[in-house]
1. Give the long-range amide H neighbours of Phe74: residues separated by 5 or more places, or on another chain, with amide H under 5 Å away, using H modelled in the peptide plane at 1.01 Å from N.
2. What pairs in Lys62/Lys111; Lys41/Lys126; Lys18/Lys56; Lys15/Lys126; Lys41/Lys117; Lys37/Lys111 have C-alpha atoms more than 24 Å from each other?
3. Tell me, what ³J(HN,Hα) does each residue in the range 12-28 have, in order and in whole Hz, if you take phi through Karplus 6.51 cos²θ - 1.76 cosθ + 1.60 with θ = phi - 60° and put x for Gly and Pro?
4. How do the peptides 55-62, 43-50, 121-128 rank, highest first, by the average count of neighbouring beta carbon atoms within 10 Å per residue?
5. Relative contact order for the range 39-84: what percent, with Cα pairs under 8 Å and sequence separation of 6 or more?
6. Please state the shape class of the range 9-52: rounded when a/c is under 1.5, otherwise prolate if a/b exceeds b/c and oblate if not, all from the C-alpha gyration tensor.
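Where a number appears in this text, it was derived from the coordinates with a stated rule and is not lab data. From a predicted model like this one, the values you see are computed outputs, not experimental measurements. Note: ideal-geometry Cβ built from the backbone for every residue, glycine included; neighbour counts use all protein chains shown.
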Amino acid sequence: MDKRLTNPAIEPDGKVLKSELGDEYRLYLEFATQLEKLSLKLEWHYYNDYKSWLCKILDGKKNIGWLSVWDDGFRVTVYFNLRTISEVPKDMLVYLEPYGKTYMPLIVRVKTSTALKDAITCLEYKRRIK
């Protein structure tokens, strides 16, 4: 991750994100557009414990996922309670990575249009479950 996304004084705007994401910036723009159509919002915050900027994906006031920028593009992470993980669509299970005893993060590295669609599907699913 570039120093700009670890500097609390430099908020990730379009210029910074374009510089960080390079070719994947077009996927980020497509992702943001699709979220807007679903009435989901992106909200960037600097987190001292991670020493970086992370983006909440919000359904109203409810946080349903996270967006993070890495050296190899951006990732969408959605946490599922273990009691609801069995309801995750089977084709999404390829993205699961174990974490702790209560939650299972589903992490999608968005590098293709297919991965972008998978991330949107995952967010739509998370939005529907209680």
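1. Sorted by chain and number, the residues that satisfy this are Val110.
2. Lys62/Lys111; Lys15/Lys126
3. The phi angles translate into x, 9, x, 5, 5, 5, 4, 5, 6, 8, x, 4, 6, 4, 5, 5, 4 Hz.
4. 121-128, 55-62, 43-50
5. 25
6. Because a/c hits 1.5 or more and a/b fails to exceed b/c, the range 9-52 counts as oblate.
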